[in-house]
Amino acid sequence: MSQLFPYPLLIIFLIIMWLLLTSFSLGQIIVGTVIALVAAQGMAALQPAKPRLKRWDLLLKLIGIVLYDIARSNIAVTRIILQGNKRKRKSGFMTIPLNLRDPIGLTILAVIITSTPGTAWLGYNFAQGTLLLHVFDLVDEAVWLDLIKNRYEYFLLEIFE
């Protein structure tokens, strides 16, 4: 049975997403189910690594922190854009050394950084363990270093390593 339905939660969520994006009809349920089954088979062919979570209890806290930071960043970027040239803005690049080595943890960190307006994950050097980050309004590098290391990486290290 696991051969036919390798990722049952993925299938269910894809069907729900399909129905939310289209309409609730028998035809759309059938099309959404077929697409979800094909997508799950494609995912199974990739054979992704199964995450090993050590601290499930920190996931909700990390999600709350990330959602708060995304909302705060949206407001900050909106202010910068609406102010125009009234305030000097300095965008820039910075390299951040990371202790996190777990591929899934790094992937989640990349999603967090990229989802936060005003920041972009540009690359990761596996040999040196460094992240190349672009910040839209780089006022203080120490603040960004502290944010990445102590706010996100700390939780990801606790959860995955």
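The values are calculated or read from the model by the stated rules, or taken from the named source; none is laboratory data. As the structure is a prediction and not an experimental result, all values here were calculated from the model. Here Cβ is always computed from backbone atoms with ideal geometry, including for glycine, and neighbour counts include all displayed protein chains. Surface areas here come from the heavy atoms of the whole protein model, side chains and all, with no ligands, DNA or RNA. Shrake-Rupley method; radii C 1.70, N 1.55, O 1.52, S 1.80 Å.
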**Q.** the chain, relative contact order [Cα under 8 Å, separation at least 6], %
**A.** 25
Q | Computed over the chain, the ratio Rg/Rh where both radii use C-alpha atoms and Rh is Kirkwood | A | 1.07
Q.
Which order do you get for 147, 46, 131 if you rank them by accessible area with a 1.4 Å probe, largest at the top?
A. 46, 147, 131
Q: Using θ = phi - 60° and the Karplus relation 6.51 cos²θ - 1.76 cosθ + 1.60, list the HN-Hα couplings for segment 69-86 in order, rounded to whole Hz, with x at every Gly or Pro.
A: 5, 5, 4, 4, 5, 4, 5, 5, 5, 4, 4, 4, 5, 5, 6, x, 8, 5
Q | Heavy-atom SASA rank of 115, 73 (probe 1.4 Å, accessible area, largest first) | A | 115, 73
Q: Output the peptides 16-26, 59-69, 31-41 sorted from most to least packed, where packing is the average of other Cβ atoms within 10 Å over each peptide's residues.
A: 31-41, 59-69, 16-26
Q: Heads up, I need the accessible area for residue 55: 1.4 angstrom probe, whole protein in place, Å², nearest 10.
A: 80
Q. With the other protein chains left in place, how much accessible area per residue, in square angstrom, belongs to segment 51-161 at a 1.4 angstrom probe?
A. 61
Q. Between the DSSP loop rule and a limit of at most 10 other Cβ atoms within 10 Å, which chymotrypsin sites (Phe, Trp or Tyr not before Pro) in segment 95-161 are left?
A. 126
Q. Using a 1.4 Å probe on the protein chains only, how many percent of the accessible area of segment 77-133 belongs to carbon and sulfur?
A. 58
**Q.** Charge dipole (debye, nearest 20) of segment 56-160; +1 at Cβ of Lys and Arg, -1 at Cβ of Asp and Glu
**A.** 580
